[in-house]
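Engineer: Have a look at the structure that comes next, please.
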Amino acid sequence: MIDLKLSVMDSSAPSYRCTRLLVCALDAGTESPRLVTRVPQEWLSSLEQLIERWLGAGDVICLVGRQADDTLLDTVRHVRLQLPAAALVITLDAIDSEAVARLIPCGVQEVFAAQQLEQAQTDQLCEGAVVRMEYEQSLRRLSHFDPLTGLAGRGLFQDRLEQSLIQAHRNGTNVGLLFIDLDRFRVVNDVYGHQLGDRLLIASSQRLQEKLRRSDTVARLGGNSFAVILDAVRGVEVVTAIAQKLIHALKAPFRIDGHEIFVTGSIGADLSCEANYDSGQMVRRTELALHQAKRDGRNGCQVFTPQTAPMDKIRLGLESALHHALERDELRLVYQPQVSVVGQHFVGAEVLLRWKHPVLGWVSPTVFIPVLEDTGLIEPFGEWVLRRACQQYKRWLDDGVVGLNSKISVNLSPRQFRQRDLGERIQAAIQDTGLPPTSLALEITESTLMYNLEQGAVLLRQLRHLGVSIAIDDFGTGYSSLAYLKDLPIDYLKIDRSFVKDIVTDRNDAAIANSIIGLAHNLGLKVVAEGVEEQDILNVLADLGCDQYQGYFFARPVVADELPLLIAGCD
């Protein structure tokens, strides 16, 4: 026997790649040829002994046979199944192209007639077998694993999902499936470049793995999309609890190359027993659930329910109905009051669009707003909202319902913000309705602004010249390129509700809110907190020095006739 450690250090070996040649004769009638090589050899009498003795990729396996018959092919398949990483060479009495064509597809790296080779040629073939095996393994890794994150790729994910479902069905257990998208990831690439975006993907994949069991499979499906296979879960409660843990993990800031980047995750989930243990059905259901999670405002988890799929089908017919919504007077505006944190004084209201379909009833804005954006209808609808809101607020000003220092806030969609004549449209709306420009605030999401920061800066300065105020909505939800804040004409930062709802119990959320408030005040900006629903949340915001808030704690969005009563109730 040749000790492996000695053979590795043996200076007679031509290369570190081939430290030993494990040789096995396939039948008793085969005369063991003398392999002329400097590589240390070990002759073995059985396949079991061969498999047991193979200790690493540095050992080359040599099978000695007479011809490339079915017996040899079956033996090769058996060895390859047991030792998938071993470099395998075959020696035959004589070789031809037909023998090579049969053996190579079975996983053989080299085929040669040992008696006809000299020492140097044999050594070179063994070395080549190792090199070829390493190359084949790298190709397999590329096909099965994501080269950026090292996670399982789409093909390996599908294979593992099917195997997990078979095993779970046999054992009477459940498999959970999660699809995860990093929200608004494209803007990170646009602002910071693809290299930093890749590093963010790597860091995100590491966080996901840290929060899961080693037995769970984490895969990257492409772009900013990940998948998680949860084996042996007890029920949907466990799946949703794990999903919430992953969402929480992604919310913590990423510090990359001196930048502090915030991202959120949207997750769709399903359970194998609900999908009849069918992988295709489970994937489709989880994708639908993910779409619903995004429509519900992102940064959340949605488990597939039978109602998830019909909403997708309904969405296909919404475009036609929306084309007639304006002329049929199906649109309504509601107003959510904004009040000061200290003193509870009315400071303004945000106008929101609602749609009452004649058959479907009230349709969620998360459903019809994306349709408006995709079809371009958001432009006429947005201008209708702007003009109606300005008219209504001018009426309240004239009647003394609202103060001169209060403001009506109108949201601009990404498509509206890219209109070349947006400044002229807003100026016309102000002049036609008679609303003082100082009574109008325009809300723009951070992602919309960062889509084209240079063009956006020009437009914001044009709007500021008109006298209107600018608010950055959903601040902190993904990009936080803080440099733009000091250079742009911005008046308000609105803290996204995802950082507000858990501010009492989550120290990270409290720290983020505190940082945003401190940053804004240092830059002379005011801060509005969204989604305030409890007194405890308001108390924390007061301690942090937040200026204004809106949310169900004070009032839900109301129609125009009800807002004066709410204003009258303010201190």
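The values are calculated or read from the model by the stated rules, or taken from the named source; none is laboratory data. Only a predicted model underlies this, so the values are computations on that prediction, with no experimental measurement involved. Quick reminder, even Gly has a Cβ in these numbers, built from the backbone with ideal geometry, and neighbours come from all protein chains shown. To get the accessible areas, we keep the full protein, side chains included, count just its heavy atoms, and leave off ligands, DNA and RNA. Shrake-Rupley method; radii C 1.70, N 1.55, O 1.52, S 1.80 Å.
Engineer: Computed from the coordinates I sent, percent of Cα pairs over 38 Å apart equals one of (1) 31; (2) 49; (3) 40. Tell me the label.
Structural biologist: (2)
Engineer: Calculate how many DSSP beta bridges within the stretch 211-322 are antiparallel, expressed in % of all such bridges and rounded to the nearest 5.
Structural biologist: The antiparallel fraction comes to roughly 75 percent.
Engineer: Relative to the longest principal axis of the chain, what angle (0 to 90°, nearest 10) does the C-alpha long axis of helix 194-210 take?
Structural biologist: 80 degrees
Engineer: So what's the angle, to the nearest 10 degrees on a 0 to 90 scale, between helix 422-433 and the longest Cα principal axis of the chain?
Structural biologist: Computed tilt is about 20 degrees.
Engineer: Determine the order of 199, 507 by accessible area, beginning with the largest, at a probe radius of 1.4 Å. It would help to have the intermediate numbers written out before the result.
Structural biologist: Details: 199 110, 507 210 Å².
Output order, biggest surface exposure first: 507, 199.
Engineer: Among bridges DSSP assigns within the chain, what percent are antiparallel (round to 5)?
Structural biologist: Numbers: 38 of 81 bridges.
So the antiparallel bridges amount to about 45 percent of the total.
Engineer: Across the stretch 374-522, how many lysine pairs, 8 or more positions apart or on different chains, have C-alpha atoms separated by under 24 Å? Please give the number.
Structural biologist: On the way: 394/407; 407/486; 407/494; 486/494.
The result is 4.
Engineer: Among the chymotrypsin sites (Phe, Trp or Tyr not before Pro) within the stretch 477-571, which fall in a DSSP loop and have no more than 13 other Cβ atoms within 10 Å of their own Cβ?
Structural biologist: On the way: sites: 479, 484, 492, 499, 549, 552, 553, 554; in loops: 479, 552, 553, 554.
Here the sparse-neighbourhood loop sites are 552.
Engineer: Still on this structure: Note down the nm distance, to one decimal, between modelled labels 7 Å out along Cα→Cβ at residue 154 and at residue 73.
Structural biologist: With each label point 7 Å from Cα toward Cβ, the separation is 3.3 nm.
Engineer: What figure in square angstrom, to the nearest 10, would you give for the accessible area of residue 458 with a 1.4 Å probe?
Structural biologist: Accessible area, nearest 10 Å²: 90 Å².
Engineer: Could I ask something else about it? Quick check: at a probe of 1.4 Å, how many percent of the accessible area of the chain sits on carbon and sulfur atoms?
Structural biologist: Ligands and nucleic acids excluded, carbon and sulfur reach 49 percent.
Engineer: Still on this structure, please answer the following. Can you give the accessible area of residue 210 in Å² (nearest 10), computed on protein heavy atoms with a 1.4 Å probe?
Structural biologist: 140 Å²
Engineer: Between residue 327 and residue 232, what is the label-point separation in nm under the 7 Å Cα-to-beta-carbon projection?
Structural biologist: Between residue 232 and residue 327, the label points sit 6.3 nm apart.
Engineer: Let me check I've understood the local charge: for residue 107, count other residues with C-beta under 10 angstrom from its C-beta, Lys and Arg +1, Asp and Glu -1. What total comes out?
Structural biologist: Value of the local net charge: +1.
Engineer: Work out how much length residue 342 to residue 166 would gain on full extension: take 0.36 nm times their residue separation and subtract the Cα-Cα distance, in nm to one decimal.
Structural biologist: Additional length available on full extension: 57.4 nm.
Engineer: What is the stretch 168-274 by shape, rounded, prolate or oblate, if you read a ≥ b ≥ c off the alpha carbon gyration tensor as root eigenvalues and call it rounded for a/c under 1.5, prolate for a/b larger than b/c, and oblate otherwise?
Structural biologist: prolate
Engineer: Let me ask something else about it. In a shell of Cβ-Cβ distance under 11 Å around residue 50, excluding residue 50 itself, what net charge do Lys and Arg (+1) and Asp and Glu (-1) give?
Structural biologist: On the way: positive: 53; negative: 42, 48, 52, 59.
Result for the local shell: -3.
Engineer: Can you compute the charge dipole magnitude of the chain about its Cα centre, using +1 on each Lys and Arg Cβ and -1 on each Asp and Glu Cβ, nothing else charged? Give it in debye, rounded to the nearest 20.
Structural biologist: So the magnitude is around 680 debye.
Engineer: Can I ask one more? Give the shape of the stretch 449-571 as rounded, prolate or oblate, defined through the alpha-carbon gyration tensor: a ≥ b ≥ c are the square roots of its eigenvalues, a/c under 1.5 means rounded, and otherwise the shape is prolate if a/b is larger than b/c and oblate if not.
Structural biologist: oblate
Engineer: In whole Hz, with x marking every Gly and Pro, tabulate ³J(HN,Hα) for the stretch 258-272 from phi via Karplus 6.51 cos²θ - 1.76 cosθ + 1.60, θ = phi - 60°.
Structural biologist: 3J(HN,Hα) across the stretch 258-272, in whole Hz: x, 9, 9, 10, 10, 10, 10, x, 9, 10, x, 9, 8, 10, 4.
Engineer: How would 469, 138 line up by accessible area, probe 1.4 Å, largest first?
Structural biologist: Descending order: 138, 469.
Engineer: Rg/Rh for the stretch 253-302: what does it come to with C-alpha atoms and Rh from Kirkwood?
Structural biologist: 1.22
Engineer: Then there is this: Counting Lys and Arg as +1 and Asp and Glu as -1, each charge on the Cβ, what is the dipole of the stretch 144-189 about the Cα centre in debye, to the nearest 20?
Structural biologist: It works out to roughly 20 debye.
Engineer: Now, a different point. Summing Lys, Arg as +1 and Asp, Glu as -1, what charge do residues with Cβ under 14 Å from the Cβ of residue 450 carry, residue 450 excluded?
Structural biologist: Local net charge: -4.
Engineer: Now for a different question. Mind checking which aspartates and glutamates have their Cα closer than 17 Å to the Cα of residue 211? Skip sequence neighbours fewer than 8 apart in that chain.
Structural biologist: In chain and number order, the partners are 181, 231, 237.
Engineer: Modelled label-to-label distance, residue 438 and residue 137, 7 Å Cα→beta-carbon offset: nm?
Structural biologist: Each label point is offset 7 Å from its Cα along the Cβ direction, giving 7.4 nm.
Engineer: Not counting ligands, DNA or RNA, and with a 1.4 Å probe, what is residue 202's accessible surface area in Å² rounded to the nearest 10?
Structural biologist: Counting only protein heavy atoms, residue 202 exposes about 50 Å² to solvent.
Engineer: What lysines could a cross-link reach from residue 356, if we take a straight Cα to Cα line under 24 Å and drop same-chain neighbours fewer than 8 places away?
Structural biologist: Within the straight-line limit of under 24 Å, residue 356 reaches these lysines: 294, 313.
Engineer: Also, I was wondering about something else. If you rank 260, 454 by how much accessible surface each has, with a 1.4 Å probe, what is the order from largest down?
Structural biologist: The residues order as 454, 260, largest area first.
Engineer: Another one. What full-extension length gain, to one decimal in nm, is calculated for residue 486 and residue 320 as 0.36 nm per residue of separation minus the Cα-Cα distance?
Structural biologist: Gain on extension, residue 486 to residue 320, equals 55.4 nm.
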